[in-house]
Each structure stands twice: as C-alpha cells, then as structure tokens.
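Quick note: the coordinates plus some simple rules give every number you see, no bench work behind them. Note that the structure is a prediction, hence the values are computed from the model and not measured. Note that we place each Cβ from the backbone using ideal geometry, even for glycine, and neighbour counts take in every protein chain shown.
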Ligand SMILES: NC(=O)c1ccc[n+]([C@@H]2O[C@H](COP(=O)([O-])OP(=O)(O)OC[C@H]3O[C@@H](n4cnc5c(N)ncnc54)[C@H](O)[C@@H]3O)[C@@H](O)[C@H]2O)c1
C-alpha cells in the first residue's frame, strides 16, 4: 500500500457500512486520518474502531444526516477542529428504495433526492469552507445514472443529479485548484443491495444475484474494495489532471 494520504485528512460520508467503510479503511491504509460520518452512530463507531485496530490510524466518528444542513455543517466543522485540516471528501452516503414512477411515494422521492443530491450539495458546501488548492471531492454516482435499471426511478434520477452536479462543481471549483469527480459503480453486494437481490429473486437473494450476473461481462459483481480503490485514486494527487470526470467501475456492465 502507498502512503498517498500521509498527513492528510479525508471525510467519508456513509462510512458506517459497505463501500464507505471500505473507503475509510483504504484511506487510512494509505496514511490518512479519516472523518467517519454516518447517520447511524453504531456504524460510524464500528468503522472508527476498525480503522484504529487494522491501521493504527486516526479516525473520528461523526453522527449526522447529510440531508440536514445544520447537522452536516456541525460535523464537518468538528472534523476539522479535531483532525486539524481537510484535504478530500467522499460523498458516498446513500439509500435505495425500489419502485417505478407509478409506485414511488412522494416522500420516498423527496428523501432519495435529500440523501443523494441535497446531501452531496450540503456536505460539499460545508467542506468548501476548509478545502484549499489541491483539495478533492469524489461524488458517488451509479450506473443507474447512465443506463435504465428497472424499479429504481427515484434512485436513478437522484444519481443523475449527482453526476450533473459533479460537472457543475468541477467547473466552478477548478479556478480554486479543487477537483471534483464522480464514480459510477456497478452492483456490489452490500446491505443496500440485499432488497434488490431479494426482489429480483422473488424472495431468494442468491437467485437475484444469479439473475444479475449475466449483465456483468467480467462475470462477477463488484466489491466495496473495488470501488474504494477508485475513490482513493480520484482523491489522490495521482489524478491531478482529472476533474469533472465520471468514472465507471462496473465490470463492463455499461460497455455493452
Ligand atoms: N452497492 C452497490 O451496488 C452500489 C452501486 C452503485 C452505487 N452505490 C452507491 O454507493 C453508496 C454506498 O452504498 P453501499 O452499497 O455501501 O450501501 P450501505 O447501505 O452499505 O451503506 C450506506 C451508508 O450510508 C449511510 N447513510 C444513509 N443515509 C444517510 C444519511 N442521510 N446521512 C448519512 N449517512 C447515511 C447508511 O447508514 C450506511 O451506513 C451509495 O451512495 C450507493 O447509492 C452502491
């Protein structure tokens, strides 16, 4: 493992589980102090414990809802006060509700946009008080922003907003030397995707996975670690000429 983040501080939202947890561990393995933000305090505490145990790294657990302006601003300010600086942000927090336009309740639509689009906006706005030249923001998109996926209307639309926001932010922040990129992951098996597999497999998640696999030319689903590696690259100085990029990590799913 390299030390691309030695002396740096990285904030990861939704870091209490899945891809966010893998990313917190990856940033720590490469030398970062990590601000571990999640709406579930037990998730943030678990990841913080893992960072400290596995990497002897510095980690700070933060409990906040990224859709709540006061909570997220307080959390970001606390991270900087405790960890001393802020170099990169991974806007990863997310939820996924299944449904077509006809069976998506309005509050589900609003909550989905609240977490993904508003959450990315609010977290970035709070972080920009602290990010300087060389700073990086990585936003979590999805292949659902790029191709149609059944029964994910609100989720797909919200991820589309995140991808569009990424390009807008990249242009606005380039003069300040701050880069903004998005990752569009293909399907990874995490707590978020279990209901999707269960629905596809008519109650049997393994059948749902089997049904999903043929869509993936590499013949497997992604892992949280696959996506965390891309996030670490985009947040690092190695990606210093990349901004406004929308990078797929999807086993070839959108290449066909
Ligand atoms: N797993 C996949 O196949 C996949 C594919 C493409 C994109 N993504 C995206 O990756 C991100 C992470 O997903 P995951 O699969 O690791 O899911 P996950 O459920 O394992 O983790 C998501 C984390 O976000 C937290 N969270 C949810 N709402 C929050 C809020 N309002 N404020 C703060 N934290 C909040 C949850 O508590 C949870 O710990 C999401 O944005 C998701 O849309 C996942």
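In the chain, the longest principal axis of the Cα atoms and the axis of helix 153-173 are about 30 degrees apart. What is the distance, in nm, between label points placed 7 Å from the Cα along the Cα-to-Cβ direction at residue 202 and at residue 254? Roughly 3.2 nm, to one decimal. Taking other C-beta atoms within 10 Å as the exposure proxy, 5, 241, 27 rank 241, 5, 27 from fewest upward. Going by neighbour counts of Cβ atoms within 10 Å, the residues 240, 142 line up, fewest first, as 240, 142. A Förster distance of 30 Å, applied to the separation of the beta-carbon atoms of residue 107 and residue 129, puts the FRET efficiency at 0.45. Taken as Cα centroids, segment 1-23 and segment 74-104 sit 13 Å apart, rounded to the nearest whole angstrom. Ordering 55, 130 by the number of other Cβ atoms within 10 Å of each residue's own Cβ, fewest first, gives 130, 55. With the simple spin-label model, which puts each label point 7 Å out from Cα in the Cβ direction, the residue 176 to residue 241 separation comes to 2.5 nm.
Computed from Cα atoms, the angle from the helix 69-83 axis to the main principal axis of the chain rounds to 50 degrees.
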